[in-house]
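FYI, it's all coordinate maths here, none of it is from the lab. These numbers were taken from a predicted model, which means no experiment stands behind them. Heads up, the Cβs are rebuilt from the backbone with ideal geometry, glycines too, and the neighbour counts pull from every protein chain shown.
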Amino acid sequence: MPLRLLILTPLVITKFSADEIAIFYLLSSTGVLLTVVNDRLIAVFSQMLAFAFGGAADLSQIKIGESPRGDGEPNWEVFCKAFFTLKRMQLALGVPLCLIGGGILTVGIGRLLGWDLMSWKPWLIVIVTTIGHLFSVFVSRYTAGSMAIGKIASINLLATKYIFLSLVFSSLVVLFTESLVGLVICQNAFYFFQRLEISRRAKSWLEPHIGSLGASFKCFDQAIFSACWTPFWKSIVSVLSGQGVRAAIAVYVAGLAPYWGKDVVAAFLFTQSLAQNILRIAQTPLTSVYPILSRLLSSGNLEKFNEMVRKRITQGSVIILGSFIFVILLGPFVLDLIDSNVSLLPLQAMIVYFSLYFVRALQSFYVTAFNVTNQVFLFLRNLLAAVLVIGLLFLCPEPLSLLLFIVATNLVYILMISFSPVSAYFRLVKNYEYRT
């Protein structure tokens, strides 16, 4: 992502026309529905498959105080049932979601260019993008299966290779052809080959264990579907609430240019994006061991589970705190050095923003740790916080000042979530029976 911002984005905004740039960024926004639904499905099933890999026969959400479900030895029969239930669900959801995404993209391009100016190129972009999304849905189950059996490093290595190749060839396409259609085809082609190689590798890892199982294990399982349904729909609501609030904040802040000034608006959006990217990086030490944590929890090895979680949260906290201090102290100097057209927030506002965001980051670490149980934790509180923030933004009779805006939008979440994630995590570790 950083390399793409540094290399591809400057090429796009200098080589393409205004209409082509609008279409390019429209492509990512129309994929939100498909991305959220399929990503949430994969996240839920990755946990369930990891439970089965840890020996569990019951793949429902793990409750506080519950006894261990497995002995640490893989339950391949249940793993196989979950894997093929995921396949059936993706087959059922994939086509409708892609048709909806393709329809939204078509309407967006049509309204942008005018339906009478729709040549073959926009239609080709719609078709290529829709087919690419559809293929991604149908093969992503192999990513879930691979992650569940601990092949995260191999999957990430493959993904990194293809992302780099896609970036290089996409940049060359834009540089020498200045063709949006060529860029879309190039990006989808490399994504296709990435997913194809991941599925091929995953088959080689999984076939020795589930390939010989009978047809009764390779079909849709109602019990597994029931176990996944609640965390699936709750997680979709939770994720959409977060994305919806970010979109609402961006829309609101964009309208404050007459009050704050365009430079301050740009600085706020830039700082917000920077903080979100730092948080993503800081969460990696914990999210990268999710399948391992799932197996440890399923088998009841809470001593190692707690040790690993605490260590990873400490690493994440150091990353985010160190990054924030670096940005506050050296960020303005670095931006001046590269002659940036955007600045950071004023020092006082930046300190307040990063301080509140650090508290929210600590809350998110413990939410992430508790979510290993496959329970969608605090989704109602997140939804209520989202409603309160959106209501605050759009019902307030006068525009908020920069500092008040920062405090209000972050403090709502901090107070709503409070110490619940920390409390729930330690209750989980204390009450979930430990067995070796």
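General remarks:
- Between the stretch 417-431 and the stretch 400-415, the alpha-carbon center distance in angstrom: 25
- For residue 430, the lysines whose Cα comes closer than 27 Å to its Cα, not counting residues fewer than 8 places off in the same chain, are 63, 234, 304, 311.
- Using θ = phi - 60° in the Karplus curve 6.51 cos²θ - 1.76 cosθ + 1.60, the 3J(HN,Hα) couplings for the stretch 279-292 round to 4, 4, 5, 5, 7, 4, x, 7, 5, 5, 10, 3, x, 5 Hz; x is entered for Gly and Pro.
- With the highest mean first, a sort of the peptides 39-48, 180-189 on other beta-carbon atoms found within 10 angstrom per residue produces 39-48, 180-189.
- Hz values of 3J(HN,Hα) by residue in the stretch 200-206 - Karplus curve (6.51, -1.76, 1.60), Gly and Pro given as x: 5, 5, 4, 4, 5, 7, 8
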